[in-house]
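Working notes, beginning with the structure itself.
The values are calculated or read from the model by the stated rules, or taken from the named source; none is laboratory data. Given the structure is predicted, the values throughout are model-derived calculations rather than measurements. Note that each Cβ is placed from the backbone with ideal geometry, even for glycine, and that neighbours are counted across all protein chains shown.
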Amino acid sequence: MLIYSKFITQLDFKKSWPFIWLNPRWKGKAIWPFIFHADQIPSRTLIEHEKIHLKQQARGLIIGFYLKYFYYNWKYGYENNPYEIEAYKHQDDWKKE
């Protein structure tokens with residue numbers, strides 16, 4: 001697993017990441033200011049998706065984002081979480097550039 005950050009280019013953690021036990025379907029997780037992922041070489045789309053979550057976290061002052069994210073997951077489910085809808089909507093914008 002590689003961790004990407006504005007401050008750290010990449011660190012190799014060999015797929016033994018702590019977030020997999022929370023949900024084995026997760027391919028990546030953005031936790032300010034890092035992006036964790038399970039793939040040895042992540043797709044550009046995954047990185048862009050997680051970068052959107054980092055922007056959402058900055059807008060929500062990080063703690064506010066997490067409170068709303070987990071509330072939205074509880075209330076609407078993952079697929080209808082407004083943060084996920086935004087991230088999925090814009091994760092392929094890099095292809096249009």
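Quick look at the numbers
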{"item": "Inter-residue pairs, beta-carbon under 8 Å, first closer than 14 Å to HIS53 by Cα and in the range 68-97, second among the basic types (Lys, Arg), 6+ apart", "result": "TYR83/LYS68"}
{"item": "Pick from the range 30-47, criterion within 19 Å of ASP93 (Cα to Cα) and either in contact with a His (Cβ under 7 Å, 6 or more places away or on another chain) or in a strand (DSSP E or B) (or both), ranking: modelled with the highest pLDDT", "result": "LEU46"}
{"item": "Test for ILE85: is it assigned to a helix (DSSP H, G or I), surrounded by 15 or more Cβ atoms within 10 Å (Cβ to Cβ) and of a type in the set (A, V, I, L, M)", "result": "no"}
